[in-house]
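The values are calculated or read from the model by the stated rules, or taken from the named source; none is laboratory data. Small disclaimer: the values here were computed from a predicted structure and weren't measured. Note: ideal-geometry Cβ built from the backbone for every residue, glycine included; neighbour counts use all protein chains shown.
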């Protein structure tokens, strides 16, 4: 598992206001930390495309046989999960998707002031 890869993960039981259950996530911590730690920092995805209008999000395109629907990466819901929660690799992000998620992460953690709502 490497930074910028999409994986299927089990995010656990329902919790209000959080992405839970089995869903795709993006591994988002350094490869060095991933090798050393038993947990991994991930960004969960949703198929609710209305979320793409929010700051701290990035659009992730559907891909043949891998990701069935266009999705939105929710950088503002980034979290650490056990590595064992990652079940199946889907694919790596494209260069464009990586750049968009970098910006979304910067917005989510305050390195860049986000726009209120994207068009």
### Query
When residues of the stretch 29-50 are filtered for being in contact with a helix residue (DSSP H, G or I) (Cβ under 7 Å, 6 or more places away or on another chain) and closer than 15 Å to residue 93 by Cβ, how many remain?
2
### Query
What is the one condition in (1) at pLDDT 95 or above; (2) in contact with a helix residue (DSSP H, G or I) (Cβ under 7 Å, 6 or more places away or on another chain); (3) closer than 27 Å to residue 112 by Cα that residue 76 does not satisfy?
(1)
#### Entry: Candidate set: the stretch 67-119, residues that are without any contact (Cβ under 8 Å) to a residue 24 or more places away in the chain and in a loop (DSSP other than H, G, I, E, B); chosen: the one farthest from residue 50 (Cα to Cα)
111
